[in-house]
1. Kindly provide the helix-only [θ] at 222 nm of the chain, computed as the sum of -39,500 (n - 2.57) over DSSP H runs of four or more divided by all residues, to the nearest 500 deg cm²/dmol?
2. Need one number: % antiparallel among DSSP beta bridges in the chain, to the nearest 5.
3. Leaving ligands, DNA and RNA out of it, report the carbon-plus-sulfur percent of the accessible area of the chain at a 1.4 Å probe.
4. What full-extension length gain, to one decimal in nm, is calculated for residue 102 and residue 33 as 0.36 nm per residue of separation minus the Cα-Cα distance?
5. Run down the lysines and flag those whose C-alpha is under 18 Å from the C-alpha of residue 69, throwing out any fewer than 8 positions away in its chain.
6. So which aspartates and glutamates pass the test for residue 51, namely a Cα distance under 16 Å, with those fewer than 8 places away in the same chain ruled out?
7. Would you please name the chymotrypsin sites (Phe, Trp or Tyr not before Pro) within the range 48-121 that are DSSP coil residues with at most 14 other C-beta atoms within 10 Å of their C-beta?
8. Select one label from (i) 49; (ii) 41; (iii) 45: the one whose number is percent of Cα pairs over 24 Å apart as derived from the coordinates shown.
Amino acid sequence: MDRRAFLKGAVAASVAVGIADAAAAAERYFPTKVDQSLFEGINRVKDPARKTPLEKGHAPVLTAPATVKAGEPFTVEVSVGENVHPMGPAHWIEYIELSIGNEPAGRIDFQPKGYLAPKAVFTVMLPAGAAAGGKVTLIAVQRCNLHGLWEGSLDISLA
């Protein structure tokens, strides 16, 4: 066997072993199968009266006063799901973002550990001219490593 044939065979074998090891590691560390269609866009609750278990566990839930005064701070609590999403090494929430209309208001990043609950509290203040029609929409987006981006919204009045 000449040197060139030996090197080609060694490289091919190394690549094959590396691919097999990567596939085995992926199965070991990420045993949950992922629905790729959830990563094609932003997921939202389709029917609020009949939420699916996936929607109940992933759609952001916003809690804020129904009416706020311009120039006064208020709090917005965002939790991931009606029943708080579990956090673990194979399934976790990466971040929660809050926007007021199209303007970003804040973001909190999480680690894939079992010690955190994916909830965030933001303190925001709306200026007098923030809502042309007297209403403003709060939008929360969260990203789950297995189930993609999820969005929830809440309309509040500006006094």
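1. It comes out at -7000 deg cm²/dmol, rounded to the nearest 500.
2. Around 90 percent antiparallel, to the nearest 5.
3. Using a 1.4 Å probe with all protein chains present, the chain comes out at 57 percent carbon and sulfur.
4. On the way: separation 69, 0.36 × 69 = 24.84 nm, distance 3.36 nm.
Net length gain for the segment: 21.5 nm.
5. Correct list for residue 69: 135.
6. In chain and number order, the partners are 82, 151.
7. On the way: sites: 74, 92, 95, 110, 115; in loops: 92, 110, 115.
The qualifying sites are 115.
8. The listed entry that was calculated here is (i).
The values are calculated or read from the model by the stated rules, or taken from the named source; none is laboratory data. Being a predicted model, the structure only gives us computed values, none of them experimental. Reconstructed Cβ throughout: ideal geometry from the backbone, glycine too, with neighbour counts over all protein chains shown. In case anyone asks, the SASA skips ligands and DNA or RNA and just uses the protein heavy atoms, side chains included. Shrake-Rupley method; radii C 1.70, N 1.55, O 1.52, S 1.80 Å.
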